[in-house]
């Protein structure tokens, strides 16, 4: 009995302990299986990754090869490679020839050729005996007329009093009043004659009309000069600034603008240049020479330039900087008109109508339809279309706008 009881107790003990041992083994097997799966997945990924990367690279290369590569250039301002050179003549800003306004003999002269004078300075004086005699006579006539007027006025006043007493007729009074008015008019005429002669007499003093340099003297003491004669006495010029007159051919007339800078050179002053500025143009083509008369002003405060000299005028910025030029091989001539293939930043092509200007040979001027900095396809294929995707490659070109 005891042995049976012990067996039963031992069996009961074994049954009670078996559920405790089985759960401890199951977690270890599951963790091991999970680790195996992770290792297998890592191995598969490690083996597939190079193939996937290679496949993606091949696909990218295929897409890039499918996009056409084109050369592009950027437009440049239409400027000349060398400045335009024209011949011109230097002339003073102001120049005057002084003639005699009064007849007489030269009594003295104070300035000679090359002298610097101010406006109003005395240049020479004349002896005018005939004019002096005429002036004295006119003054005597004035005194005579004034005396006659005074007598006529007194007579008219007396006859007015006699008319009040009815001693004279109204007709006689009116005649005396009219005579007084006539004498007054004679006085006015005599005064005007005296003033005219005095003004003529003042022309015996020859003065400078403005600040400048005496460039010629054609008188000497004792020389007889005649009022209104063709013989000049002095020539004066204002040379602190000089004017250069240039005739621009019609082909270049539109390239000249007011305030445009210019550079002057002279054959006798090698290696030296002087800056000038366009101050005005005739704004009209001369039908005889087909040229545009242009005036350029040059500062000559130091007196380095001589008026009347020949000079060469270089117009440095003669072309309109607003216009652009592109290579001739960028233009597409189609039924719609001339077009340019513009490449935008996203690589898309835009076919744009443009207006052509001057043809410089290798380059063409674009008046409208193109902006500075845009990229234009060189030698665009006939198959190019609006919206096409291309790979733009910058192309080195020569300077634009050469003529």
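The table for this structure:
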item	result
The range 96-207 - Rg (one decimal) and Dmax (whole number), Cα, Å	23.2, 79
Ranked 217, 352, 254, criterion: other C-beta atoms within 10 Å, fewest first	254, 352, 217
For the chain: Kirkwood Rh in Å [reciprocal of mean 1/r, alpha carbons]	33.4 Å
The chain: most fluctuating residue of 39, 123, 219 per GNM, C-alpha cutoff 10 Å	39
Rounded to 10°, Cα long-axis angle of helix 129-164 versus longest principal axis of the chain	70 degrees
C-alpha center-to-center spacing [the range 126-170, the range 213-251] in angstrom	48 Å
Part-to-part distance (alpha-carbon centres) for the range 90-121 and the range 279-306, which is given in Å	26 Å
Three semi-axes of the equivalent ellipsoid, the range 199-256, Cα gyration tensor, whole Å, largest first	38, 14, 12
Percent RCO, i.e. relative contact order, over the chain, from Cα pairs under 8 Å lying at least 6 residues apart	25 percent
Top of 194, 326, 349 by mean-square fluctuation, Gaussian network on the chain, Cα under 10 Å	194
Ascending count of other beta-carbon atoms within 10 Å, so fewest first, for 32, 151	32, 151
Three-way shape call for the range 286-362 based on the alpha-carbon gyration tensor, with the a/c threshold at 1.5	prolate
Among 354, 331, 168: highest mean-square fluctuation, GNM of the chain, C-alpha pairs under 10 Å	168
Cα gyration tensor shape of the range 225-321, rounded if a/c is under 1.5, else prolate or oblate by comparing a/b with b/c	oblate
The chain - share of DSSP beta bridges that are antiparallel (%, nearest 5)	95 percent
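Values quoted throughout were computed directly from the atomic coordinates according to the rules given, and no laboratory measurement underlies them. What you see is a predicted model, and the numbers here were worked out from it, not measured in a lab. Counting neighbours? That spans all protein chains shown, and the Cβs are built from the backbone with ideal geometry, glycine included.
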